[in-house]
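All remarks here apply to the structure that follows.
The values are calculated or read from the model by the stated rules, or taken from the named source; none is laboratory data. No experiment lies behind these values; they were computed from the predicted model shown. Cβ placement follows ideal geometry from the backbone for every residue including glycine, while neighbour counts extend to all protein chains displayed.
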Amino acid sequence: MVILFDLGGVFVPDSTEALNREMAEYAGVTEDVLAGKWRDALSALFTGRMSVRGFYSSLLMGEVDPNTLLMKHIEIYLRLYRLDQDMLKFLNHVKTRYVTACLTNTEPEIAEVNRQKGLYAHFDHAFLSTEMGLRKPDKDMFLTVIGKLAVAPGEVVFVDDKPENVAAADSVGMKTVVFTDRLSLMDELHRLGIVFDH
């Protein structure tokens, strides 16, 4: 059995809104404009076809140095970053009995920051959208992960805070849990027959 976890909103906070708010002010654009452009670029950002630097370059078209904006973006991300220590302890308990993996939508530069921080090293396997060229909730991403893990879909429990991602995993035969908090997650995993040390 493999327990496959999302990261943002599960192990680390989803900092998108706070980051967009600060970056909009720093870049001299409205928050609505930045958030809208970010949403439009998500597919390219998450599949590695666009970098964060490239995003800011296209947004402001030379008005502000994109390298400066990228450094500010990373600075804000790092300030907002917080690894949930209770979830990390829980993960370590789960790892005593099961294979663990993470599956995350991420941007190229943020993926590298998280790699340097050792975030992915907590898991037996790490699947990053930017390296796979796919993003959740694309069913092909889940099918690719199943293939790489060499398991049947029903041997994977996928945990994510976004219902649309959970629905996509469910549609390919994975067992699924919509994450709300650690204690509820423990109850849901127990219901699915997952046994772990306390």
Please list, ordered by residue number, the helices (runs of 4 or more DSSP H) wholly in the stretch 6-76 having 2 or more residues that are charged (D, E, K, R) and under 18 Å from N105 (Cβ atoms). 31-46
So K89 clears everything in (1) in a helix (DSSP H, G or I); (2) at pLDDT 95 or above; (3) touching a Leu at 6+ places or on another chain (Cβ under 7 Å) except one condition, right? Which one? (3)
Which residues, counting only those in the stretch 159-188, are more than 15 Å from K136 (Cα to Cα), touching a strand residue (DSSP E or B) at 6+ places or on another chain (Cβ under 7 Å), in contact (Cβ under 8 Å) with a residue 12 or more places away in the chain and in a helix (DSSP H, G or I)? L185
For the stretch 100-110, what are the residues that are crowded, with 21+ Cβ neighbours inside 10 Å and hydrophobic (A, V, I, L, M, F, W, C)? C102, L103, I110
Failed condition for R82, given (1) part of a loop (DSSP other than H, G, I, E, B); (2) touching a helix residue (DSSP H, G or I) at 6+ places or on another chain (Cβ under 6 Å): (2)
Can you tell me which of T106, T96 is in contact (Cβ under 8 Å) with a residue 60 or more places away in the chain and either part of a strand (DSSP E or B) or in contact with a strand residue (DSSP E or B) (Cβ under 9 Å, 6 or more places away or on another chain) (or both)? T106
Which listed residue is modelled with pLDDT of 95 or more and either among the small types (G, A, S) or in contact with a Ser or Thr (Cβ under 9 Å, 6 or more places away or on another chain) (or both), from Y56, Y77: Y77
When every residue in the stretch 121-158 that is without any contact (Cβ under 8 Å) to a residue 24 or more places away in the chain and either within 11 Å of the chain's Cα centre (by Cα) or not in a helix (DSSP H, G or I) (or both) is compared, the one surrounded by the most Cβ atoms within 10 Å (Cβ to Cβ) is A152
